[in-house]
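Undergrad: Please see the structure below; I have some questions.
The values are calculated or read from the model by the stated rules, or taken from the named source; none is laboratory data. Here the structure is a predicted model, which means the values were calculated and not measured. In this analysis, Cβ positions are derived from the backbone assuming ideal geometry, glycine residues included, and neighbour counts consider all displayed protein chains. Protein only, heavy atoms only, side chains kept; ligands, DNA and RNA dropped before computing areas. Shrake-Rupley method; radii C 1.70, N 1.55, O 1.52, S 1.80 Å.
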Amino acid sequence: MPQSLKEQMKLLRVGFFFFLVAVFVGQVFAAKASSVCLRIAFPEIIGNSDVARGAEIYRQDMAEAGLCIEPVMMPLSRSVLETNHGSVDGIFGWTEDLVSLVNVPLLRSSIPVIEVPVLLITRDPSVRRIKDLKDQVLGIWLGFDWAKKVSDGHKNTVEIPGGPIMMQKMLFAGRIDAMLVDGYSYSHMLDLSDYAATVLKNNKVYSWLREEHRSQLTAFNAGIHLYRKRFGDAVSN
């Protein structure tokens, strides 16, 4: 065999070897990319198993849509801080006022993940609207734009940093006369049967991702559609 042909064969073998190495490395990186799970913050409610069950359904639906997510339970207020710091990649549910609370770009799901009523809780059953409160003290959750909007400029409004739990304690103690809460928080409060509850509106709650995960948005939205379709059936069984 001529020397030139031998050299050509040698070069061919070397080239083929490097081709195999490139394919192998590419597969390794692809496997690593596909194994990445986005950390999604879920509201932590002590002693309530519904949240964990809902988080598992959410995880399964995202997996079916082709997206791996890891639910992370934490207090609602902390989820904003963790999103800012990048410790979590998104938040399961928040109204559109979330964009005013964080300092990083966010992506919103194409449809609401849930819709929850906004409730006016009051000692006086004759109070059916914010305007009926007159000079009574209204408690709202500090930092939530939707609560400010619904309070409609009521002059005797107190913003409470501890959220629904602290508002409930203040209501029981007589320090406030009424409070605004969402239906989700209301369903996990202590017995409020002695107080009047009036639905004022419905809030649309969306799932959120940090902007750097835009490439996952299509799968994310597909997962939300599955969740909205099947969540009700799952929790009713």
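Undergrad: Examine the stretch 152-172 for a residue that is of a type outside the set (S, T, N, Q), within 30 Å of I224 (Cα to Cα) and at pLDDT 90 or above, and state whether such a residue exists.
TA: no
Undergrad: Being open to solvent by less than 60 Å² (accessible area, probe 1.4 Å) and either modelled with pLDDT under 70 or assigned to a helix (DSSP H, G or I) (or both) is the filter here; which residues of the stretch 31-56 pass it?
TA: A31, I45, N48, V51, A52, G54, A55 - these are the residues of the stretch 31-56 that are open to solvent by less than 60 Å² (accessible area, probe 1.4 Å) and either modelled with pLDDT under 70 or assigned to a helix (DSSP H, G or I) (or both).
Undergrad: If you don't mind, another one. So F172 passes all but one of these: (1) open to solvent by 80 Å² or more (accessible area, probe 1.4 Å); (2) closer than 13 Å to Y58 by Cβ. Which condition number does it fail?
TA: Going through the list (1) open to solvent by 80 Å² or more (accessible area, probe 1.4 Å); (2) closer than 13 Å to Y58 by Cβ, F172 breaks only (2).
Undergrad: All but one of (1) among the aliphatic types (A, V, I, L, M); (2) modelled with pLDDT of 95 or more; (3) assigned to a loop (DSSP other than H, G, I, E, B) hold for A222, so report the exception by its number.
TA: Condition (3) is where A222 drops out.
Undergrad: In the stretch 146-162, which residue that is more than 13 Å from R175 (Cβ to Cβ) and open to solvent by less than 50 Å² (accessible area, probe 1.4 Å) is nearest to the chain's Cα centre (by Cα)?
TA: W146
Undergrad: Specify the residue that is most open to solvent (accessible area, probe 1.4 Å); the eligible residues are those in the stretch 112-141 that are within 20 Å of D182 (Cα to Cα) and either without any contact (Cβ under 8 Å) to a residue 12 or more places away in the chain or under 13 Å from the mean Cα position of the chain (by Cα) (or both).
TA: E115
Undergrad: Right, something else. Determine which single condition M62 fails, assuming it passes every other condition in (1) under 13 Å from the mean Cα position of the chain (by Cα); (2) at pLDDT 95 or above; (3) within 25 Å of S185 (Cβ to Cβ).
TA: Condition (1) is where M62 drops out.
Undergrad: Filter the stretch 86-108 down to residues that are open to solvent by 50 Å² or more (accessible area, probe 1.4 Å), under 13 Å from the mean Cα position of the chain (by Cα) and modelled with pLDDT under 95, then give me how many there are.
TA: 2
Undergrad: Additional query: Considering only strands (runs of 3 or more DSSP E) fully contained in the stretch 101-180, which possess at least 3 residues that are of a type in the set (A, V, I, L, M) and touching an Asp or Glu at 6+ places or on another chain (Cβ under 9 Å)?
TA: Result: 114-122.
Undergrad: Quick check: anything in the stretch 68-79 aliphatic (A, V, I, L, M), at pLDDT 95 or above, assigned to a loop (DSSP other than H, G, I, E, B) and crowded, with 20+ Cβ neighbours inside 10 Å?
TA: No, every residue in the stretch 68-79 fails to be aliphatic (A, V, I, L, M), at pLDDT 95 or above, assigned to a loop (DSSP other than H, G, I, E, B) and crowded, with 20+ Cβ neighbours inside 10 Å.
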